[in-house]
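A.B. asks: Submitted below is the structure of interest, expressed as structure tokens.
Taken together, the values in this text are just the output of simple stated rules run on the coordinates, not laboratory data. Worth saying up front: this structure is predicted, and the values here are computed from it rather than measured. Note that each Cβ is placed from the backbone with ideal geometry, even for glycine, and that neighbours are counted across all protein chains shown.
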């Protein structure tokens, strides 16, 4: 009887150990997938604000999502039962970037977006108020993506093309960002780690995806603008930050007491560009009782699928826009 009892205990112990090993493995083994989940709101004026601006009755918020890169087996399993979550495979085109480069990508996108937001808002507002002033120039194109085998690295600042400063070059970057594709044999002068280097583009592998950086004269800008680092990376808050700035710069209350949120990149010309995670951003906005959600035209069809599923749970309006001007006209004309 004693021997049988000991054997039973050994079996139970063995099974318990197996279960615990299994749980540890599925909770720690990383996969080649990313989970995107709903996140939260960040007040646009916590990132950018105009000094001495009049208080407006409503609010503007950017929407962020939460991503789990190289998620675990357990996280993937749980996410299958979360309606707001999306699981996607990490593409090989990003597998060669280091963790530091992946982080730097987001910072480059965010920094460029802040610059373009300020320029776009001030240029728009000064058409209605000649006391508004901004002086700026293109300073560099910052590499944010390169092909495997390229001579370039994330963070390289392209300052000249064939010895011509980028500010004097006729560049065609869609929505203020895009692929820099030059003729083979072109010389690009770059700054890398405070060192100036000349790089010859001798292969299509040397084509890079760039974000523009601008020199803005903050000494002469009127009115003064305050820049805070904020809590998020990336360019997707550009539209809402621009709307908040324009509302601060103009003597009208565009917000109408509404809780306004949304997403979309912004260029200095006022074009609103596509973003990622639109499904999760809608879930987030509805959970936070947002009144109006601005969505880029490029993401609208995808957004509409999620919105149609959730619209019985909310009174939030989903508004499609392709330019800053369209968004402002919606608010001015009270089409909401």
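A.B. asks: Using only the Cα atoms of the stretch 181-227, build the gyration tensor, take square roots of its eigenvalues as a ≥ b ≥ c, and label the shape rounded, prolate or oblate: rounded if a/c is under 1.5, else prolate if a/b is larger than b/c, else oblate. Intermediate results must be reported in sequence, preceding the final value.
C.D. replies: Values: a/c = 3.66, a/b = 2.57, b/c = 1.42.
Prolate.
A.B. asks: Which whole-number percent gives the relative contact order of the chain, counting Cα pairs below 8 Å spaced six or more residues apart?
C.D. replies: 22 percent
A.B. asks: Return 120, 210 ranked ascending by Cβ neighbour count within 10 Å, so the fewest neighbours appear first.
C.D. replies: 120, 210
A.B. asks: State the extension gain, in nm to one decimal, for the chain segment bounded by residue 153 and residue 215, taking 0.36 nm per residue of separation less the distance between their alpha-carbons.
C.D. replies: Residue separation times 0.36 nm, minus the Cα-Cα distance, leaves 20.1 nm.
A.B. asks: Could you line up 241, 8 from fewest to most neighbouring Cβ atoms inside 10 Å?
C.D. replies: Values: 241 28, 8 10.
Ordered by Cβ neighbours within 10 Å, fewest first: 8, 241.
A.B. asks: While we're here: Tell me the mean residue ellipticity at 222 nm calculated for the chain from its helices only (DSSP H runs of n ≥ 4, each -39500 (n - 2.57), averaged over every residue, nearest 500).
C.D. replies: Value at 222 nm, helices only: -10500 deg cm²/dmol.
A.B. asks: Taking the mean number of other Cβ atoms within 10 Å as a proxy for protection, how do you rank 63-75, 286-298 from highest to lowest? Mind dumping the intermediate values first?
C.D. replies: On the way: 63-75: 18.3, 286-298: 19.9.
Ranked from most to least packed, the peptides come out as 286-298, 63-75.
A.B. asks: For helix 238-249, report the angle its Cα long axis makes with the longest principal axis of the Cα atoms of the chain; keep it between 0 and 90° and round to the nearest 10°.
C.D. replies: 40 degrees
A.B. asks: Please tell me the relative contact order of the stretch 201-273 in percent, rounded to the nearest whole number, where contacts are Cα pairs under 8 Å and at least six residues apart.
C.D. replies: Averaging sequence separation for qualifying contacts and normalising by length gives 28 percent for the stretch 201-273.
A.B. asks: To continue, here is another question. Quick check on packing: order 143-153, 89-99 by the mean number of other C-beta atoms within 10 Å, highest mean leading.
C.D. replies: 143-153, 89-99
A.B. asks: Now for a different question. Can you sort 219, 326, 320, 204 by how many other beta carbons sit within 10 Å, fewest first?
C.D. replies: Ranked by crowding around the Cβ, least crowded first: 219, 204, 326, 320.
A.B. asks: Return the distance in nm (one decimal) between the two label points of a simple spin-label model at residue 128 and residue 287, each offset 7 Å from Cα along Cα→Cβ.
C.D. replies: Computed distance between label sites residue 128 and residue 287 equals 3.5 nm.
A.B. asks: For the stretch 28-168, what's the relative contact order in percent, using C-alpha pairs closer than 8 Å and at least 6 residues apart?
C.D. replies: 21 percent
A.B. asks: What angle, in degrees between 0 and 90 and rounded to the nearest 10, separates the Cα long axis of helix 297-310 from the longest principal axis of the Cα atoms of the chain?
C.D. replies: Computed tilt is about 50 degrees.
A.B. asks: What is the distance in Å between the Cα centroid of the stretch 145-171 and that of the stretch 231-263?
C.D. replies: One Cα centre to the other: 32 Å.
A.B. asks: If you don't mind, another one. Going by the alpha-carbon gyration tensor, a ≥ b ≥ c the square roots of its eigenvalues, is the stretch 2-131 rounded (a/c under 1.5) or, if a/c is not under 1.5, prolate (a/b greater than b/c) versus oblate? Let's see the in-between values first.
C.D. replies: Working: a/c = 4.56, a/b = 2.85, b/c = 1.60.
It is prolate, given that a/c is not under 1.5 and a/b is the larger ratio.
A.B. asks: Quick one: if the Förster radius is 45 Å, what FRET efficiency do residue 74 and residue 195 give, using the C-beta to C-beta distance and rounding to 0.05? List each step's numbers first, then the result.
C.D. replies: Working: r = 45 Å, r/R0 = 1.00.
The formula returns an efficiency of 0.50 here.
A.B. asks: Please determine, in degrees from 0 to 90 and to the nearest 10, the orientation of helix 99-125 with respect to the longest principal axis defined by the Cα atoms of the chain, where the helix direction is its Cα long axis.
C.D. replies: 30 degrees
A.B. asks: While we're looking at this one, here's another question. For the stretch 202-224 and the stretch 36-88, what is the centre-to-centre distance using only Cα atoms, to the nearest Å?
C.D. replies: Between the Cα centre of the stretch 202-224 and that of the stretch 36-88, the gap is 26 Å.
A.B. asks: May I pose another question? Mind running the shape call on the chain? Use the C-alpha gyration tensor, a ≥ b ≥ c as the square roots of the eigenvalues: rounded below 1.5 for a/c, prolate if a/b tops b/c, oblate otherwise.
C.D. replies: The shape class here is oblate.
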